[in-house]
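First the structure, in the form of structure tokens, and then the observations on it.
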Amino acid sequence: MSYAPKSPFPGAPTQMPKGTLDPRFYLAAIVASSDDPIISKDLNGIITSWNEAAERTFGYTTDEILGEPILRLIPPELHPEEAQILTKLRAGERIDRYETIRMKKNGERFPVSVTIFPVKDDTGRVVGASKIARDISDRDKTDESRFRLAAVVESADDAIISKDLNGIVRSWNDGARRMFGYAAEEMIGQPILRIIPLELHYEEAAILARLREGERVDHFETRRTRKDGSTIELSVTISPIRDGSGRVIGASKIARDISDRRRIERLLIQSEKIAATGRMAAAVAHEINNPLEAVMNLIFLARQNSPPTGKAYQHLKMAEEELERVSHIARQTLGYYRDAGLPTEVFLHELIENVLTIYRSKLLAYGISVDTQFNDLQKVMVSRGEFIQIFSNLIANALDAMPNGGVLQVSIRTLISSAGDGIQVVIRDTGTGIRSDHLGRIFEPFFTTKGDLGTGIGLWVTKQLVEKRGGQISVASNTEPGKSGTVVSLFVPFSAPALKETA
Amino acid sequence: MLQGQVDSVHFSDSVGRNSIGSLSLTSSSKVPKERRPRVLVVDDERLIADSMAEILEGAGFQAATAYDGWSALQVAGILQPDYLLSDVLMPRMNGVDLAIAIQKMYPAARILLFSGQAGITEILRAAQNQGFQFDLIAKPIHPLSVIARLKEL
């Protein structure tokens, strides 16, 4: 007896005349060597053939399973499927890549994609079915992790973008839309340069060069431009994307918004500066203020004890006046943060009214009219003394700018803004204005435009006090005759900064 | 009773080395009908305490000095001051604690603190928490302004 492969088709010829090539041998070999399980069954659902892949996949040997119902491969809860399949088969229909669950000999279930063909006899009558069942566990796993990845990317807070090596955007997640303002449709297919500020375009060439070398770029801090033109500060990590053969075909880019972090860093530096100024002032305050006090007292006594008609009296009086000037600066610079008392809840307009009362006679003498609009409905926690000093400095400046009369406008309102809620105070004068080349220097210590009359301390101290309270101050001015004037805008947030005592 | 029996009392620390303050009292024969207001000036900068006391004497006060909070309390026990003018940061007892003690001893005493130093916010806050609030002025300040502030109290 000559060798013949074990036929998966009972009834197929096992012996052929020598030299004859029956195509069914080829078919049998194909079936036997297939990686996918190939099974046939009759219309009663009884297994009639079983290939090697079926043995491997399901765990039953051919001997075990031939003649057994196909239901042994189907999990009990899915048994109704089989009836439907048989119904379709009887009607001569095929079933293509039907995805379902099957069961191994050991009871383990796994996902399969089955394609079932009706088997017909010579007369075209359906007598059974052939079934190719592909194990799709691996494919399912890949798909699942892909879906998971896609969901992660889509829901990330960070912008996740991919681009090809020409810098063309290939994917754009929702984080990118939120961060840059462009929708995915607007960016996919567009050059990434669109979000890079013009002056930083050179960065992209350097990044692409590194990517082509297969290098990644980690936590690179830079700036990008949003759709609305505003700038955003980012930390980006860029990694090459490789194809199956390891060739770099593009890059993925994860960008994190660090604008807030940068803003906090700047604030920290600023408050550190204020604290340093405070420590410096505290260090010298004792050594300057006390001797000044003693000298002032002594000169005063010396003058009191000298005849008022004598020269000494005049000299001492002049010395006292000079000392008074030094003392004024010492109090303002070395003592500004301490003699003002503790913060209390106050209406800022009450403090302004206090200051306006102090300057009433000067306002009248200069012929200045005062226009006030107070809409601060809320109190703020501030140091009364410090804010009286602030308003007093600002109003004194406004008055000095209007020796020939004008209008002093003071408006106070509650401001709700993205930077935080607070009170805005605007002090506007119709005075001579500040020259634009002076405007940048007015907050510098000892800078003055008032000649001998100014100390150059007022605005400097004012800014320190405002910033110490966590507020902001800005000045705009116009010197054009007829339109001249200065506007000082002050913002005091409701929430006070958690600055520690500086000394 | 001290008053009327001595012209001048000099205070020294326990070992008698350092002067801690002084008090001059006019003898009973010279006491005017209208008693001069008594002020206790306390400052560890002796020059300030002494010169300020002299200026205040010239301005119609009866002034005594002390150079720290502790000795100020002893002087106050004799002087029974109407006014206290005190520095804040001093050795042994700070000006705020002194002020609280004086206020408790003499509820009618009027108190003005003056300071040339930073870092006193916490001391003031502690006093505020105990229900005491004191007026505070910054050194250097012209003596006439001090007198004006004292009279405003």
Look at B:GLN117 and say whether it is open to solvent by 50 Å² or more (accessible area, probe 1.4 Å), at pLDDT below 90 and within 12 Å of chain A (Cβ to nearest Cβ). no
What is the one condition in (1) more than 23 Å from A:THR430 (Cβ to Cβ); (2) among the hydrophobic types (A, V, I, L, M, F, W, C); (3) assigned to a loop (DSSP other than H, G, I, E, B) that A:MET402 does not satisfy? (1)
What about A:LEU351, is it more than 14 Å from chain B (Cβ to nearest Cβ), surrounded by 13 or more Cβ atoms within 10 Å (Cβ to Cβ) and within 30 Å of B:GLU122 (Cα to Cα)? yes
Collect the residues in segment A:284-316 that are over 25 Å from B:VAL41 (Cα atoms), of a type outside the set (S, T, N, Q), part of a helix (DSSP H, G or I) and open to solvent by 50 Å² or more (accessible area, probe 1.4 Å), keeping them in residue-number order. A:LYS311, A:ALA312, A:HIS315
Kindly provide the set of residues from segment A:249-268 that are open to solvent by less than 70 Å² (accessible area, probe 1.4 Å) and closer than 30 Å to A:GLN464 by Cβ, ordered by number. A:ILE258, A:SER259, A:ARG262
Of everything in segment A:30-57, what is basic (Lys, Arg) and open to solvent by 50 Å² or more (accessible area, probe 1.4 Å)? Give them in sequence order. A:ARG56
Considering every residue within segment A:368-383, establish whether at least one is part of a helix (DSSP H, G or I) and open to solvent by 50 Å² or more (accessible area, probe 1.4 Å). no
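Results for (1) without any contact (Cβ under 8 Å) to a residue 40 or more places away in the chain; (2) under 30 Å from A:PHE117 (Cβ atoms), shown as yes or no for each residue.
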site	(1), (2)
A:ALA133	no, yes
A:ASP138	yes, yes
A:SER145	yes, no
A:VAL152	yes, no
A:ASP158	no, no
A:VAL169	yes, no
A:ASP174	yes, no
A:ARG178	yes, no
A:MET187	yes, no
A:ILE412 passes all but one of the listed conditions (1) over 25 Å from A:SER484 (Cα atoms); (2) within 37 Å of the chain's Cα centre (by Cα); (3) aliphatic (A, V, I, L, M); the exception is number (1)
Under 7 Å between Cβ atoms, at least 6 apart or on separate chains: pull out the pairs that start in segment B:133-153 with a residue that is over 18 Å from A:ASN289 (Cβ atoms) and end on any residue that is open to solvent by 10 Å² or more (accessible area, probe 1.4 Å) and among the β-branched types (Val, Ile, Thr). B:PHE134/B:ILE111
Checking B:GLN62 against (1) open to solvent by 10 Å² or more (accessible area, probe 1.4 Å); (2) within 14 Å of chain A (Cβ to nearest Cβ); (3) over 21 Å from A:GLU324 (Cβ atoms), which single condition isn't satisfied? (2)
Going through segment A:116-131 one residue at a time, which ones are in contact (Cβ under 8 Å) with a residue 60 or more places away in the chain and of a type in the set (Gly, Ala, Ser)? A:GLY128, A:ALA129, A:SER130
Which is surrounded by fewer than 19 Cβ atoms within 10 Å (Cβ to Cβ), acidic (Asp, Glu), in a helix (DSSP H, G or I) and modelled with pLDDT of 90 or more, of A:GLU144, A:GLU186? A:GLU186
What number of residues in segment A:58-98 are surrounded by 15 or more Cβ atoms within 10 Å (Cβ to Cβ) and assigned to a loop (DSSP other than H, G, I, E, B)? 5
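The values are calculated or read from the model by the stated rules, or taken from the named source; none is laboratory data. Just so you know, these numbers come straight off a predicted model, no measurement behind them. Cβ sites come from the backbone with ideal geometry, for glycine too, and all protein chains shown count toward neighbours. For the accessible areas, the whole protein counts, side chains as well, though only heavy atoms, and no ligand, DNA or RNA atoms are used. Shrake-Rupley method; radii C 1.70, N 1.55, O 1.52, S 1.80 Å.
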